[in-house]
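Written out below as structure tokens is the structure these notes cover.
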Amino acid sequence: MVGVFALTLFAVLEFSVRLAVPEYNPSTHLEFSWHTDGLVLGQPGTTKRQIKNTGDFNVEVRFNRLGLRDSQDIANADDHDFIIVGDSFIFGWGVEEQERVSEQLESRIGRRVFNVAVPGDLDTYDKLIAYAMRKAAGRPRVILAVSMETDVAGYQMPAPSRTTAGAGPAAGNKGLGLRDVKGFLTEHSAVYFLLTQQIHQTPWLRDGAVRLGLIRPNLQRDQGRLAPGEAVSATAARTIDIARRYDATVVLLASRYIWFGDKTEALSDIHDAVAERIRNAGVDVLDLKPVFEADGRPLEYHFKNDGHWQPAGHAAAAAALARHLKDRYGDAL
Amino acid sequence: MLFSSLPFLFGFFPAVMILVWLSERYGGTRVSLSLLVIVSLFFYAWWNPPVVILLIISVLVNYAFGVAICRAQRRDLLALAVLFNLGLIGYFKYAGLLAETLSMLPGVAIDLGTITLPLAISFFTFQQIAYQVDVYQGKVRDTDFVHYCLFVTFFPQLIAGPIVHHQEIIPQFEERKRFNITLDNLAAGGLIFAIGLYKKVVIADGIAAFSDSVFDRALENPNVFEAWGGALAYGMQIYFDFSGYSDMAIGLARMFGIRLPANFASPYKAASIIEFWQTWHMTLSRFLRDYLYIPLGGNRRGDARRYANLIITMLLGGLWHGASWTFVFWGGLHGMFLMINHLWRRIRGPVPSPASPASRIAGRALTFLAVMVAWVFFRAESWDAAVAMIHGMIGMNGLGALDGSWALLDPGLYLWLCVLLPVVWLAPNTQELACDRDPVIGFVPDPALQNNILWRRRRQWFVLFAIACAIAALIVVVIRKSASEDFIYMVF
């Protein structure tokens, strides 16, 4: 009897949560599943939700006919326009489309800025630029955003995740069996999402789950990874190669572990080393590290439980990038 | 305060139950009834406190008329009472429509400003008109002031019915063994309420997002999938909204030991429009029949007059729902459907009872189709929007992409419809499931239910299912933090 009731209750709950709160339904969550030109993009013409069970964000993501998150069509891009390419930060992980660096930059410089970012690595960016150039009417100018947290650390991006819970730089969990179960439930159960949301957003439940080893607070997971010297060199070389081919402006996105955790100094040194190598190669570089450090509270530009930028982070990056592009292009902007 | 809101579920209702139980125990029935009147007025005032004054005035004036009519049995007093009620509803509900319509004439410009529509004015006005007629006809002799106040304001049925007769309710309050908060009544009422709460907050509010997405942008010419999806979604939304409300009202009243009349009995199972109106908003249909259709002459003056009476009754029934010509058209459409239905019965002659399964299925499909088309006019924001929807439904706006990449509608709706349509067509309703507990006045289970496995085995699963529904509904209520949609019928 208890088993029948438990099953009935779970079925009724799953049905109810999916219908009454569709944003908790995993099938409505952000996913990259459309394979084209060696890339994995969003399903063209779909609208998904990106929602974090910790309550940091709950936003809408619309993919255009090319599988990119941009209400503008790159087919209209000409030589005076910009495309900006990068990973989840530039994609606008956790923020609405209009809050992203690309949209804020566009309003600041008066030129169209096409966002062609998806979570990935330097190879992905290279393919994305080529994809955009093939679709564009002209040859737009390129802004290449390199994430020091993922690209430089030699971090291999996992296969694009169906949901927000396992994607981005905060991904990863130990304990194979538990991870498998959690992964399955994350991808298939709205009730599980609801449950984890309640745990994450209720301090005493969250503390209890942490003590039991069921969850780990996101910002305490990895404390940053120290990239080996070869990774630093390879990343810089790959960045320089792409930047030279497209005469791109390189934007360096600092890892939040420069300001948080137990490897801050070492990571800061790596950041500076990469910046210096690229700059020394004659590539145009904007380093966002000093920009974010300017007011002494760099972590406030990030979500509390997720490493990505809040709208304020996007705004700060857009302001710095606008100034930089005006300096670089002057009247030609 | 909605029945499905946190303040009601965890504040108002438990407090009222405790107060009424205490007052009944220590003060007697009279004190309990007076207390119920006060808390009902508080419940009504929650939305818009000043408007409760209008309700109080309406109750006092109608009570005075009732007493006078009871003593004198004068037709002119009845006419005055009806005129007072029609004047009240006419000003607050229809003056705007009249002014807007007259302003369409050349050289006429009438601006009445903003008139606040008092909540549930159609319900408490019609209920009081029925009372005046019943008093005049000698069906009601009780002129007790507290009884009258409670008859109008009893909060489980105040905002959207059922529209009750005085003689249905008041004797129950006087009957000691009935008006009683007991574990049996709490269990029976609680189960019915839980099912209703689930229908409202999970199904009706959940499916509303789909219908809103199409109807709110109907002027963008929905394709055939979007238009039908929007219409079907609204058909499901209003069904579960009103069915859920009716269950909640019946369940709440039952927790006090009071049985309300049945108001909703699986109307989408109807095999004809006549059956549909015998099962949809049953107490309104009863009111329209007894206080409008029959006084107009009903079917006693020949076929032509009968059909005219039907059309007039349904046109006014449509207008009762809202001050808009789309509501009138909806009523007229149903009047026409009823007329065709009666004509068809006359042409076809008597049918064997029970009807063959094939004819019932055909009748059910045709009735469902007609009702869904009519809902478009009921829901659309304007005449143009309704026409655009109908154009979409008959394919004039194109078929739309077969891969479901539609601008106005999430194709996931069709999956939900695969679940909900069998429920409304096949599953037993709440009264049937709870029939062992004598849930409503005048309910007799359909004999065909003996073949329905869900009904035959109800004792084994109904309680568990209702508890699961209650848990799910409460979780949804808490997640939404009371951000539930209003009941569709409460603004009528």
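Each reported figure results from applying straightforward, stated rules to the coordinates on display, with no laboratory input. In this text, all values refer to a predicted model and were calculated from it rather than measured experimentally. Heads up, the Cβs are rebuilt from the backbone with ideal geometry, glycines too, and the neighbour counts pull from every protein chain shown.
Data overview
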read-out: Extension reserve of the B:ARG346-B:TYR91 stretch, reckoned as 0.36 nm per residue once the Cα distance is removed; value: 87.7 nm
read-out: Selected from A:PRO44, A:PRO119, A:PRO311 as most flexible by GNM, with chain A as the system and alpha-carbon contacts under 10 Å; value: A:PRO44
read-out: Hz values of 3J(HN,Hα) by residue in the range B:379-388 - Karplus curve (6.51, -1.76, 1.60), Gly and Pro given as x; value: 8, 4, 6, 8, 4, 4, 5, 5, 5, 4
read-out: Built amide H within the under 5 Å cut-off of A:ILE83, gap 5+; value: A:PHE114, A:ARG141, A:VAL142, A:ILE143
read-out: Length added when fully stretched, A:LEU7-A:THR202, from 0.36 nm per residue minus Cα-Cα; value: 67.6 nm
read-out: Mean residue ellipticity (222 nm) of chain B, computed from DSSP H runs ≥ 4 via -39,500 (n - 2.57), nearest 500; value: -20500 deg cm²/dmol
read-out: Near-label residues of the range B:76-92 by backbone N, under 15 Å of a point 7 Å along Cα→Cβ of B:ILE57; value: B:84-92
read-out: Separation between Cα centres of the range B:30-101 and the range A:1-73, rounded to whole Å; value: 50
read-out: The range B:117-127 - phi-based ³J(HN,Hα) in whole Hz, Karplus 6.51/-1.76/1.60, Gly and Pro as x; value: 7, x, 4, 6, 4, 5, 6, 6, 6, 5, 4
read-out: Value at 222 nm in deg cm²/dmol, rounded to 500, when DSSP H runs of n ≥ 4 in chain A each add -39,500 (n - 2.57); value: -13500 deg cm²/dmol
read-out: Long-range HN-HN contacts of A:HIS302 with modeled amide H, under 5 Å; value: A:GLN310
read-out: Overall Cα dimensions of the range A:259-333 - principal axes, largest extent first, Å; value: 42, 28, 19
read-out: Label-point separation in nm, B:ALA358 to A:ALA273, each point 7 Å along Cα→Cβ; value: 8.5
read-out: Sequence of B:ILE110, A:ILE84 once ranked by neighbouring C-beta atoms within 10 Å, starting from the fewest; value: B:ILE110, A:ILE84
read-out: Simple label model, 7 Å out from Cα along Cβ direction - B:PHE42 to B:GLU175, nm; value: 2.9
read-out: Distance cut-off 26 Å, percentage of C-alpha pairs in the range B:6-179 lying past it; value: 38
read-out: Antiparallel bridge percentage (DSSP; both residues within chain A; nearest 5); value: 35
read-out: Length added when fully stretched, B:MET17-B:GLN73, from 0.36 nm per residue minus Cα-Cα; value: 16.3 nm
read-out: Within the range B:207-223, backbone nitrogen closer than 13 Å to the virtual label 7 Å beyond the Cα of B:SER382 toward Cβ; value: B:216-221
read-out: Cross-link table A:LYS127/A:LYS304; A:LYS48/A:LYS182; B:LYS200/B:LYS269; B:LYS199/B:LYS481; A:LYS52/B:LYS481, entries beyond 23 Å C-alpha to C-alpha; value: A:LYS127/A:LYS304
read-out: The protein assembly as shown: Cα Rg divided by the 2.2 N^0.38 Å rule of thumb; value: 1.16
read-out: Inter-label distance, nm, simple model (7 Å from Cα along the C-beta direction), A:ASP73/B:ARG141; value: 8.1
read-out: Debye intensity ratio in log₁₀ form over the Cα atoms of the range B:34-115, taken at each q of 0.11, 0.12, 0.14 Å⁻¹; value: -0.47, -0.55, -0.69
read-out: Alpha-carbon radius of gyration plus Dmax, which is the widest Cα pair, for chain B in Å; value: 22.9, 71
read-out: Inter-centroid distance (Cα atoms) of the range B:342-366 relative to the range B:262-335, Å; value: 20
read-out: Cα centroid separation - the range A:236-313 against the range B:136-181, whole Å; value: 74
